[in-house]
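For reference, the structure is listed below as structure tokens.
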Amino acid sequence: MSIAENIIQVQERIASAASRAGRSLEGISLMAVSKTCSAESIREGYGAGLRVFGENRVQEFSSKYEALKDLPGTSWHLIGHLQTNKAAKAAELFDAIDTVDSVRMAEKMNAAAEALGKTLPVLIEVNVGGELAKNGVSPNSEELKKILQGAPEWEHLRIEGLMTVPPYSDDPEHARPYFQMLRKIRDGVAARKLEQVGMDSLSMGMSHDFEVAIEEGSTCVRVGTAIFGKRVTTP
């Protein structure tokens, strides 16, 4: 199937999941995870209607940026772990950073955004499964509390919500408790009405489990393989 045909199929699955959950499609965005994809494939997706894209690595996206910067209406999100020494380049290239997981990173991104005269939307990444191999703050951790408390100091960041990658399982249902956990954390933070902290965004769900994520309240699903096909492994 072509990328355009894959997109139609994914959109139909999103609509079905939203219908089951009694949700409006207006509250759910589709992010195309374009890591390792060529600029040509991304352009093909754009031509089929995609506008929000997620990239994992600053360096990889930097190599594609010149070939893609002419696409109007696109929103480029960094969804991979960010090394603080690449904060300045990330702030320059991306429209949003979805993986803030420390006060230090938030401070670096705020300074980088200030130097560019822009305000960056960001999400706090939460490691709901407590996996050592994954990044993200632990639920109810001191680091999460410090990020939320520090938000008013970072005038060039706009915290908009949370994101997560749950432990992988071939059975999408195994991800449901983790999606429920993130939603409860989001609801708890939102109820506190903290200064400079928005909690409208809940980024969760990928190609194999996004339907369950939508049923549990996801506002953004990050879909790569189901759109672009299997990845080419990179070192």
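The values are calculated or read from the model by the stated rules, or taken from the named source; none is laboratory data. What you see is a predicted model, and the numbers here were worked out from it, not measured in a lab. For neighbour counting, all protein chains shown are included, and Cβ atoms are generated from backbone atoms with ideal geometry for every residue, glycine included.
Go through (1) assigned to a strand (DSSP E or B); (2) touching a helix residue (DSSP H, G or I) at 6+ places or on another chain (Cβ under 8 Å) for E160 and report which single condition fails.
(2)
Can you confirm whether T84 is surrounded by fewer than 17 Cβ atoms within 10 Å (Cβ to Cβ), hydroxyl-bearing (S, T, Y) and modelled with pLDDT under 95?
yes
State whether one or more residues within the range 9-21 are in contact with a Ser or Thr (Cβ under 9 Å, 6 or more places away or on another chain) and at pLDDT below 95.
no
Quick one: how many residues across the range 163-195 are under 18 Å from V103 (Cα atoms) and assigned to a helix (DSSP H, G or I)?
The total comes to 1.
Confirm whether A213 is more than 15 Å from the chain's Cα centre (by Cα), among the small types (G, A, S) and either buried (at least 23 other Cβ atoms within 10 Å of the Cβ) or assigned to a helix (DSSP H, G or I) (or both).
no
How about the range 101-110: which of its residues are surrounded by 16 or more Cβ atoms within 10 Å (Cβ to Cβ) and of a type outside the set (V, I, T)?
Correct list: D101, S102, M105, A106, E107, K108, M109, N110.
What pairs come up if the first residue lies in the range 128-153 and is under 17 Å from G80 (Cα atoms), the second is assigned to a helix (DSSP H, G or I) and charged (D, E, K, R), and their beta carbons are under 8 Å apart, counting only those six or more places apart or on different chains?
V137/E143
Filter the range 180-206 for residues that are touching a residue at least 40 places away in the same chain (Cβ under 8 Å), touching a Ser or Thr at 6+ places or on another chain (Cβ under 9 Å) and under 26 Å from S34 (Cβ atoms) and give the result.
Across the range 180-206, the qualifying residues are L182, D200, S201, L202, S203, M204, M206.
Which count do you get for residues in the range 49-78 that are buried (at least 17 other Cβ atoms within 10 Å of the Cβ) and either free of Cβ contacts under 8 Å to residues at least 24 places away in the same chain or under 18 Å from Q11 (Cβ atoms) (or both)?
The qualifying residues number 6.
Report, by residue number, each residue of the range 10-22 that is in contact (Cβ under 8 Å) with a residue 24 or more places away in the chain and surrounded by 13 or more Cβ atoms within 10 Å (Cβ to Cβ).
The answer is V10, R13, I14, A17, A18, A21.
When the residues of the range 23-48 are filtered to those that are charged (D, E, K, R) and touching a residue at least 12 places away in the same chain (Cβ under 8 Å), which remaining residue is nearest to Q83 (Cα to Cα)?
So, considering only residues that are charged (D, E, K, R) and touching a residue at least 12 places away in the same chain (Cβ under 8 Å), the one nearest to Q83 (Cα to Cα) is K35.
Search the range 171-209 for residues being surrounded by fewer than 17 Cβ atoms within 10 Å (Cβ to Cβ) and basic (K, R), and hand back the single one that is nearest to G54 (Cα to Cα).
Checking each candidate, the answer is R176.
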